[in-house]
1. Can you work out which of the residues in the range A:18-33 that are open to solvent by less than 60 Å² (accessible area, probe 1.4 Å) and part of a helix (DSSP H, G or I) is farthest from the other protein chains (Cβ to nearest Cβ)?
2. Is there a residue in the range A:115-126 that is at pLDDT 95 or above and either out of contact with any helix residue (DSSP H, G or I) (no Cβ under 8 Å at 6 or more places or on another chain) or acidic (Asp, Glu) (or both)?
3. Give the residue that is farthest from the other protein chains (Cβ to nearest Cβ), with candidates limited to residues of the range B:316-325 that are of a type outside the set (A, V, I, L, M) and either in contact (Cβ under 8 Å) with a residue 12 or more places away in the chain or crowded, with 19+ Cβ neighbours inside 10 Å (or both).
4. Condition first: within 18 Å of B:VAL36 (Cα to Cα) and touching a residue at least 24 places away in the same chain (Cβ under 8 Å). Now tell me which residues in the range B:112-129 satisfy that.
5. Hey, could you check the range B:49-89 for residues that are of a type in the set (Gly, Ala, Ser) and buried (at least 21 other Cβ atoms within 10 Å of the Cβ) and say which is farthest from B:ILE136 (Cα to Cα)?
6. Only helices (runs of 4 or more DSSP H) wholly contained in the range B:135-251 count here; list those with 1 or more residues that are crowded, with 20+ Cβ neighbours inside 10 Å and within 14 Å of chain A (Cβ to nearest Cβ).
7. For the range B:266-291: of the residues being of a type in the set (Val, Ile, Thr) and open to solvent by 10 Å² or more (accessible area, probe 1.4 Å), which is farthest from the other protein chains (Cβ to nearest Cβ)?
Amino acid sequence: MNALLFYSTLGLYAIATAAYLAYLLKPQPPLGRAARWLITSGFVLHALFTLSRYLEAGHTPITNLHESLSFFSLAVVGVFIAFERRYKVLILGSFVTPLALLLMLASSIYPSNIPELPPALKSNWLLVHSSLAFVSYATFAVAFGAAIMYLIQEHFLKKKRLGALYQKLPSLDVLDEINYRCLTFGFPLLTIAIITGAIWAETAWGTYWSWDPKETWSLITWFIYAALLHGRLTTGWRGKKAAILAIVGFGILLFTFLGVNLLPSESQHSYDRLLGGVDK
Amino acid sequence: MNIVVVGLSHKTASVDIREKVAFAPNHMEKPLQELVALPDITEGVIVSTCNRVEIYATTHDVAGGMARLKRFLADYHTIPLETLEPHLYSHYGEAAIRHVFRVASSLDSMVVGEPQILGQIKTSYGYAAEFRSSGIILNRFLHKAFSVAKRVRTETRIASSAVSVSFAAVELAKKIFGDLTDKTVMLVGAGEMCELAAKHFLNNGVRGVMVTNRTYERAVRLAEEFGGRPVNFDDFIEQLHKADIILSSTGATHFIIGARDVEEVIRRRRQKPMFFIDIAVPRDIDPKVNDVQNVYLYDMDDLQGVVATNLEQRNKEAEKAERIIDQEIGQFFKWLSSLEVTPTIVALRSRFEEVRRAELEKTLATWKELPPDGQKRLEALTSAIVNKLLHNPTSTLKRTGQGGRTDLYVDALRQLFELETEVPQEEELGELEE
């Protein structure tokens, strides 16, 4: 049942992504409507998959790479749908859905067994800390998509090359606004995720902060976005500068999420080590 | 029934001819009624804009109808037909349909893709509907033309490109600022181009206008005209940060706005984007201004470059539009030719029935010793003959109604049997809808 839901979601995301990319080439309203419908139904199936997995495991399904990548993807699609509704920028999908699809494909590579949690991790903090972290990641992912669009559009306007893609992309103002909105949603979420993580660490591992690689990189990510928000609010960092920072920030965020798991490391956040304790 | 078009446009007649044959928009009742009073003109619509005057009409007699329409145009405006004739074009059948679809889709406009023409045809049709000069065929025809124009508009990007310098400037501003309603424009210097562009910006909802000029009185006068406020030329740089869009066209021989000025201004604006449009030759604004972050500078050459790309793109879109029109013509033409099938069949049947009844009554009246069931049997016999004879032509006609040259059959039948058919009423046509 779970596998069926998972692969149907993957399939729908693949077709939706194809539709959004086709829309980028040929922006016809029926194609756009189809793409939006596909991604929304994919999202519904994906949410069902996550719920069903939660019920089966008895804990929030963010405990190994398969689950985390899938949850990340779910959050990206959810945040994208919300922003697309709000700003009516359908073409944002052409830049965001490929990312959601990639995350799902990556998730499908990893074994989908339900891990046995060590007692220290069986806590409601898992739900709060991890899901908040991923929703904040997702808003930064949407900001990343908008930032890429911004840089492309700004390049066209500065170089005065106003081709077909220029016509299809929205105004700089809208793209910058999406970037800013993502930041004002994502940053508080990331802050709360880090704080709840520290509280949980204290109850589970006995210390609030242990300069674990994941913690260090999260802090670096936090500082980047804090700098961006500060710059925006005080000296008016906007436009190109803000777009570049949103892209750099997202790169570091991806490293925080994946690098800690994929590179050999001593992080307590590594899923192998998180779960390894009980298996051995 | 044939659709015919007679008219002239910017392509065939200069403005001094066009203005002579133009119809005044608020006095359409008289010409429309005179039009449909012409012999063998059953329906008529008059489209009159500053770029074209055209009559769309339906008639059975194509050649005669077109001649009468030409004469009508000349007589109504009391111009000798010989003067008018060389400027007139006329189309019928498929060519007429294509012409009107192209006009409505703005493919025949002076500025291809401009959106006004559709509205103008709708208004003209409105008069025709009001004064009842249009009927079933033209109603359907024009509604079809509107839907074709809509399809062209949504499926091609023919209307999306700006092909004048000031339109191009507004389009660029929209790509930078999104919404223009809370933006302020500053006019530096004055000139026809500059004022035209300012008007375009105002039409697109720009909120504030500031005007500066070397002669302050000129600035005051222009500011009044645009509902803005004048700025002293000596310190306009000081006021620059209040403007989002700057339109410059002074007669200065050197740059009056430098990159350093703009860097300072953009800092004061906390990086809120600015759009500089330099339409002066020689230029007013240092091209290095374009390198300042969040600042976009377009000079006259840049804007003309934009216009040229747009034109090229639009030609490609126009080809797409022509293909859409080709498809739609086929559909409409099918409907038009099927329009007369049913009434022709009805008329043919009643003609046969008439003959049968007349002959039968003649026989019955003179046949003294008719057997008791004789009348019944004669009725059956003659009806059977008529039905058998009509069966083949009827079914052939119905079949060709779904395509093929129905009009040939209809015309042949009508002439061979001297049929008089009435155009069916609107409600009877439901089933013929495409």
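The values are calculated or read from the model by the stated rules, or taken from the named source; none is laboratory data. The structure displayed is predicted, hence computed values, not measured ones. Cβ sites come from the backbone with ideal geometry, for glycine too, and all protein chains shown count toward neighbours. Please note that ligands, DNA and RNA were not included when accessible areas were found on the heavy atoms of the full protein model with its side chains. Shrake-Rupley method; radii C 1.70, N 1.55, O 1.52, S 1.80 Å.
1. Residue satisfying both the conditions and the ranking: A:ALA18.
2. Step one: of the range A:115-126, the residues at pLDDT 95 or above are none.
Scanning the range A:115-126, I find no residue that is at pLDDT 95 or above and either out of contact with any helix residue (DSSP H, G or I) (no Cβ under 8 Å at 6 or more places or on another chain) or acidic (Asp, Glu) (or both), so the answer is no.
3. Going through the qualifying residues, I end up with B:GLU322.
4. Answer for the range B:112-129, where residues must be within 18 Å of B:VAL36 (Cα to Cα) and touching a residue at least 24 places away in the same chain (Cβ under 8 Å): B:SER124, B:TYR125, B:TYR127, B:ALA128.
5. Quick first cut of the range B:49-89, residues of a type in the set (Gly, Ala, Ser) only: B:57, B:63-65, B:67, B:74.
Filter once more, keeping what is buried (at least 21 other Cβ atoms within 10 Å of the Cβ): B:57, B:65.
On the way: B:ALA57: 12, B:GLY65: 18 Å.
This residue is B:GLY65.
6. Filter on the range B:135-251 gives B:136-155, B:165-177.
7. The qualifying residue farthest from the other protein chains (Cβ to nearest Cβ) is B:VAL281.
Conditions (1) within 17 Å of A:LEU175 (Cβ to Cβ); (2) of a type outside the set (S, T, N, Q), marked per residue:
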{"residue": "A:ALA198", "(1), (2)": "no, yes"}
{"residue": "A:SER210", "(1), (2)": "no, no"}
{"residue": "A:LEU219", "(1), (2)": "no, yes"}
{"residue": "A:THR235", "(1), (2)": "no, no"}
{"residue": "A:ALA243", "(1), (2)": "yes, yes"}
